[in-house]
1. Suppose R0 equals 35 Å; then what is the FRET efficiency for residue 124 and residue 147 from their Cβ-Cβ distance, rounded to the nearest 0.05?
2. Please work out the Cα center distance from region 24-57 to region 170-188, rounded to the nearest Å.
3. Which order do peptides 126-135, 74-83 fall in by mean Cβ count within 10 Å, highest first?
């Protein structure tokens with residue numbers, strides 16, 4: 001149809017129009033209907049669908065993670081048992097409060113047994129408390145020859161309890177070498193001390209606002 005023929009069509013008599021103009025009008029109506037449906041209804045539905053798809057993907061990922069954890073649970077339990085066993089073995093290397101005096105004697109005897117002269121053996125006045133243990137620094141100064149000092153350090157490392165030598169310095173003098181160090185030994189806290197330490201940690205600082 002020509003443009004002039006289209007202009008002559010009566011919009012009030014669409015039923016009498018030729019087939020092509022009718023199809024064109026129906027197509028325009030269909031496009032308008034689809035556009036209106038999308039704008040006023042489908043758009044929100046599609047947004048919700050996308051959101052639900054994202055949630056589904058997240059839930060699937062969470063499910064797979066949980067499934068993997070469930071499969072690995074026996075291995076985790078065994079690992080926990082091994083860790084607890086190792087922790088118990090390490091804890092046994094820490095003396096109790098009643099054993100500290102004997103350990104200090106062992107450190108002193110390790111030096112005397114190597115023929116060293118103690119010029120200073122001074123345990124700190126206060127222990128440094130951790131979560132489950134207390135640390136006691138001991139300032140020592142011993143004099144002897146190089147070989148005996150090395151043997152003394154080796155003997156300290158072989159004690160049945162954990163003792164470390166820190167801040168080591170050597171100086172030569174008229175009587176040989178002088179070793180200054182801080183020996184740190186540790187003991188485990190008993191249940192009462194652990195409870196007191198936790199209570200002190202949770203106690204508000206003095207002057208703090210409530």
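None of the figures in this text is laboratory data; all of them are computed from the coordinates on show. Predicted model, so just to flag it, every value in this text is computed and none were measured. FYI the Cβ positions are ideal-geometry reconstructions off the backbone, even for glycines, and counts take in every protein chain you see.
1. After rounding to 0.05, the efficiency reads 0.75.
2. 83 Å
3. Ranking, from highest mean packing down: 126-135, 74-83.
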